[in-house]
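The block underneath contains the structure these notes are about, expressed in structure tokens.
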Amino acid sequence: MFVCFPFYHLTHTFRQSLGNKNKIHRLRAHASILVFLYGSDESPPLNVEQLYIDVFDDEHWQLPILSSAANTTTQLQGRTGVKMDGPYAWVPPAYWYDGMSHAYSGGAFGFSTEISPGASPTTLTSAREMLTDEHLWPIDSVWDFHCGSELGLFHDLRFFLPPLHSRMPACADVKSFLYFSQLMAYESHSAMFEAYSVFKYTNATGVIQWMLNNPFPSMIWHLIDFFGRVGGSFYGVKSILGGNVNVVIARGAERGGELFVVNNNPLKAINAFDCILQVEIWSMESTVTKVVDIPLDGKIEPDSSVKIGTIQPDLKSICSHQSKDSVYLVRAMLKDLKSNSTLVCGISMQFIVCFIFSRRLLTNMLVMLEREVYFTPLFPRYLGLG
């Protein structure tokens, strides 16, 4: 748990304030606190920061403290060593893997204290409680009211609608729009946590989703909406963090097709001596185009990620003989050879398109850089679409 307590208006009376000292005194033995942030987007002024540090000393605070949730530097504490560089808006899945080439991005490196892929439109059930019938469809200014601040960058769905319209079928009504919105949110949120899981303890040291739930009925930034319902964003995160073992197929121009096994169990290793990673590449005609078996040799340590191999050459070979818009389903399964059973099946709804390997710069987040959609018949009935 992060504790953020950014009162920049504090005066010299702060140190003597019984209420403020009690807050720190009460929290210092809390079992779930990771760090105390006495600044949010910015660090406090030097004199205020000194007041905080004095109180921490008075109360014998033993956990880490940071002057800000952003990548800032202060005279007293030095550099924070964390970041909150967004994007807070929809980005293609490749962003999380290719972000290492951008020093000031939210790609899967470092510790991100506040980050998300942005919009997460509610299910139809919640939308009907949020909007009156005359504003339910088409999208209008009332929808904007349920986004971010009207003075801010995220006051509407401007970062979400263009890629949705480019990558999904045309939406004739609110039901179809919210259905495809759940697919987009599932994809974008799962991609972020996939990448951070793949790179954990190497490039990445942590990520905190912005945010868990909204205090106001909203179309952006939540895993659980104001009404307590969940949709694509929640299940996208759950697909990666909900089990002990995951198989991840990296996406993007540089790393697309790389295969990882992620062990989320903090205590138990995976004995993979008698396992193979079987990858099936399916066409839209429901035929298996190719099967690739990659043997695993050794243990996968607790709380770790291991690169097993890559199918990038296989995907490139298939794509070179197909049209530009051909779409394929890539299914990866971790199998136990002794029992002939499937231990875990990963990325069972991910489609790869032939041209994802063309090198493209992430300069315009509104443009479709990858055409990845989901096999909708596999999608469960949790979308609240009636």
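The values are calculated or read from the model by the stated rules, or taken from the named source; none is laboratory data. Keep in mind that this is a model prediction, so the values were computed, not measured. Cβ atoms come from the backbone with ideal geometry, glycine included; neighbour counts cover every protein chain shown. Accessible surface areas use protein heavy atoms only, side chains included; no ligands, DNA or RNA. Shrake-Rupley method; radii C 1.70, N 1.55, O 1.52, S 1.80 Å.
A few notes on this one:
- Check on Pro169, within 30 Å of Val248 (Cβ to Cβ) and in a loop (DSSP other than H, G, I, E, B): yes
- Restricting attention to region 229-277, the residues that are over 20 Å from the mean Cα position of the chain (by Cα) and open to solvent by 10 Å² or more (accessible area, probe 1.4 Å) total 9.
- Top-ranked residue in region 77-87 [being modelled with pLDDT of 85 or more and open to solvent by less than 40 Å² (accessible area, probe 1.4 Å); ranked as farthest from His222 (Cα to Cα)]: Gly78
- Region 297-309: number of residues that are within 20 Å of Ile240 (Cβ to Cβ) and open to solvent by 60 Å² or more (accessible area, probe 1.4 Å): 2
- Whether a residue is within 12 Å of the chain's Cα centre (by Cα) and closer than 16 Å to Asp225 by Cβ was assessed, and Gly118 passes this test.
- Residues of region 258-280 satisfying the condition of being at pLDDT 85 or above and over 21 Å from Leu241 (Cα atoms): Cys275, Ile276, Gln278, Val279, Glu280
- Entry remark, region 1-47: residues being part of a helix (DSSP H, G or I), open to solvent by 80 Å² or more (accessible area, probe 1.4 Å), under 19 Å from Ser68 (Cα atoms) and modelled with pLDDT under 85 number 0 in total.
- Any hit, region 185-206, residues being more than 18 Å from the chain's Cα centre (by Cα), at negative phi and buried (at least 19 other Cβ atoms within 10 Å of the Cβ): no
- Residues being acidic (Asp, Glu) and in a strand (DSSP E or B) - total across region 222-280: 2
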